[in-house]
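What follows is a single structure, written as structure tokens, with notes after it.
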Amino acid sequence: MKSFKALLVASYGRHYLARSIDDQEGIDHQALYQVTSRGKQHLGAVGDILEVQETGPEQAVIETITTRKNLLYRSDAYKSKSIASNVDQILIVLATEPGFSPDLLGRAVIAAETADIIPRIILNKCDLPDKLPAARKMLEPYIAMGYPVHEMSVKHDPASVAALAEHVYGKVSVLVGQSGMGKSTLLNALIPNAAAQTQEHSKKLDSGKHTTTACRYYDLPSRPGNDSGFNGALIDSPGFQEFGLAHLSESELQHAFIEFRPLLGQCKFHNCSHGDEPGCVIRAEVESGNISAQRVELFRQLRHESHNADAIQARLK
């Protein structure tokens, strides 16, 4: 049986699909292989480059996972769930209707910062003028910090899709967001054959009723003038309502809030929670209108979750 390199293109639980990226003779470059893992040390994420060993027709087992550039995942005190690996940017899909969660947005941005991934905020359904001002208001802190925000109407404004595509081609991007924000609509607008790829994945995974909870890797279509051979890709993740970051330490959290960075170490107390402590420079900046109070509350919540997770893990040992 042959060993070869493969790209992990779909996952549902511990069920994986991978596509060969090895040119060696006898390996079908287009075939999707059902891939299994040898225990917890080889838990994969969509976007992983794998070394696999063929075990049968279009079946293989993971031997190793190549060192990742990054890994985007969420966690609580008890478990973690991978979203994607080896990505360049995260597209955080929001909408004017239904209302989006500023908490989820903040957490996705922090996850991106700690994984060295560019966050790009997508505000969809901007054709609803009565809903737009409130949505813009919620995004003001992120605009002030310099995060890119794309106002779009995926269904009604093809030009907005074309404008976003300029920032997507040539990169591996992961789509995240709550259900109902238009994530699937955006995916289909950028990749017209995404539905066909989904069907192929579902058939191979043999878990059709569960595949809405699968992460998947989609190749962007080629376009004129691109001679590099790589057009880029989108990784679609299931819609979720919570984005736990219990795995982040307090120090990692402090540095992930980019507006905190110039002020770190200046508070009176080295372990300042940026709450009611005297001499807190972060709070002083909030009172001056330079830092969003909502962002500070998010930090305090994440700090609490991190400490709580540490305490639970200590009890479990």
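Below, the figures for the structure above:
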| item | result |
| --- | --- |
| Label zone at Ile312, where the point sits 7 Å out along the Cα-to-Cβ direction: region 245-262 residues whose backbone N lies under 16 Å | 245-249 |
| Most fluctuating residue given options Val168, Val281, Val176, as computed from a GNM of the chain linking Cα atoms under 10 Å | Val281 |
| Within-15-Å neighbourhood charge of Arg136 [Cβ basis; K, R +1; D, E -1] | -2 |
| Sequence-separation-based contact order of the chain, relative, with Cα cut under 8 Å and 6+ spacing, percent | 17 |
| Using alpha-carbon coordinates, inclination of helix 132-144 to the longest axis of the chain, degrees | 80 |
| Distance violations [Cα-Cα > 22 Å] among Lys125/Lys183; Lys69/Lys171; Lys79/Lys317; Lys5/Lys204; Lys69/Lys204; Lys79/Lys204 | Lys69/Lys204; Lys79/Lys204 |
| Contour minus Cα-Cα distance for Ser249 and Ser80 (0.36 nm per residue) | 59.4 nm |
| Spin-label model distance (nm) - Glu25 vs Asn290, 7 Å beyond Cα toward Cβ | 6.8 |
| Listed peptides 4-11, 243-250 by packing density, highest first (mean Cβ within 10 Å) | 4-11, 243-250 |
| Tilt relative to the chain, helix 194-205 - C-alpha long axis, 0 to 90 degrees, to 10 | 70 |
| Distant-in-sequence amide H partners of Ile235 (H built 1.01 Å from N, under 5 Å) | Ser173, Val174, Leu175, Tyr218 |
| About the Cα centre, charge dipole magnitude for the chain (Lys/Arg +1, Asp/Glu -1 at Cβ), debye | 600 |
| Positive-end residue of Asn290, Ile121, Gly275, charge dipole of the chain with Cβ unit charges | Gly275 |
| Gained length - Lys2 relative to Gln301, 0.36 nm times residue gap less alpha-carbon distance | 102.7 nm |
| Cut-off under 5 Å, modelled amide H: who pairs with Ile83 long-range | Leu72, Tyr73, Arg74 |
| Paramagnetic label zone (point 7 Å from Cα along Cα-to-C-beta, Ala159; backbone N under 19 Å) in region 105-135 | 123-129 |
| Positive-end residue of Ile191, Pro148, Leu71, charge dipole of the chain with Cβ unit charges | Leu71 |
| Charge dipole (debye, nearest 20) of region 18-64; +1 at Cβ of Lys and Arg, -1 at Cβ of Asp and Glu | 340 |
| Region 284-317-region 83-111 distance, computed between alpha-carbon centres (Å) | 19 |
| Separation between Cα centres of region 215-282 and region 16-34, rounded to whole Å | 33 |
| The chain: calculated mean residue ellipticity at 222 nm from DSSP helix runs of at least 4, using -39500 (n - 2.57) | -9000 deg cm²/dmol |
| Residues whose placed amide H lies under 5 Å from that of Gly244, excluding near-sequence neighbours | Ser75 |
| Rounded to 10°, Cα long-axis angle of helix 293-316 versus longest principal axis of the chain | 60 |
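Every number in this text was worked out from the coordinates using simple rules, so none of it is lab data. Because the structure is predicted, anything quoted here is derived from the model rather than measured. Every residue, glycine among them, receives a Cβ derived from its backbone with ideal geometry; neighbour counts consider all protein chains shown.
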